[in-house]
Amino acid sequence: MTPEPCGNRRHDAFAPGDKLQLVIERADGTTENVTVTSRLDTHEDVRYFRRGGTSKGVFFLEQDVPAAGPERDALMLRVIGSPDPYGKQIDGMGAATSSSSKVVIIGKSDRDDCDVDYLFGAPAIENPVVDWSGNCGNLSAAVGPFAIRQGLNDAPRDGIATLRIWQAIFRNASSPMSR
């Protein structure tokens, strides 16, 4: 896939199946080389930039991202534009603030009492870390519309939909969406 021009700058682009070589630099000075096999097409799948309340984040379907681990973290960091030693996130979807450097992963729930699972991640701006331990109440407000648009729940016929959302940080370590 050829990157599409944007002004005088070209965006990085990758297609499903592309291998991305990433180097994760840790705060202690160690590095780790990670090969990420892309499941996303940057011009197709990274279009779910949503606002919820005063926050903004990039939304993903669980099926489109790697399982929990370094490969998924590396992908989330790349999409957001972290780490950026200048604190600007120029090369990603983040906007260099804690209210706009967020990712959300949504999947169909396997729980009987919930419709979708919601996992929130907060990529650090200047460090190669994604914190999966928290929640964002603002972005949780955008989970319902996203889930309906993606076909994870039926669209309302009368304008009202009930969607039961499970915050996936409460899942056990063996579950697919676990941190």
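The values are calculated or read from the model by the stated rules, or taken from the named source; none is laboratory data. Quick caveat, the model's predicted, so the values are computed rather than measured. Using ideal geometry, Cβ is built from the backbone for each residue, glycine included, and neighbour counts are taken over all protein chains shown.
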Worksheet item: Just to be sure, is residue 77 touching a residue at least 40 places away in the same chain (Cβ under 8 Å), touching a strand residue (DSSP E or B) at 6+ places or on another chain (Cβ under 8 Å) and farther than 19 Å from residue 143 by Cβ?
Response: yes
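Okay, residues lined up against (1) in contact with a Lys or Arg (Cβ under 8 Å, 6 or more places away or on another chain); (2) under 23 Å from residue 49 (Cβ atoms); (3) of a type in the set (Ser, Thr, Tyr):
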| position | (1), (2), (3) |
| --- | --- |
| 69 | no, no, no |
| 79 | no, yes, no |
| 101 | no, yes, yes |
| 123 | yes, yes, no |
| 126 | no, yes, no |
| 147 | no, yes, no |
| 164 | no, no, no |
Response to the item:
Expected single match for touching a Ser or Thr at 6+ places or on another chain (Cβ under 8 Å), touching a residue at least 12 places away in the same chain (Cβ under 8 Å), farther than 14 Å from residue 165 by Cβ and aliphatic (A, V, I, L, M) among 96, 67, 124 is 124
Practice prompt. Being among the hydrophobic types (A, V, I, L, M, F, W, C) and surrounded by fewer than 17 Cβ atoms within 10 Å (Cβ to Cβ) is the filter; apply it to the stretch 35-71 and report the residue that is modelled with the lowest pLDDT.
Written response: 49
Worksheet item: What residue, among those in the stretch 57-103 that are out of contact with any helix residue (DSSP H, G or I) (no Cβ under 8 Å at 6 or more places or on another chain) and part of a strand (DSSP E or B), is farthest from residue 128 (Cα to Cα)?
Response: 61
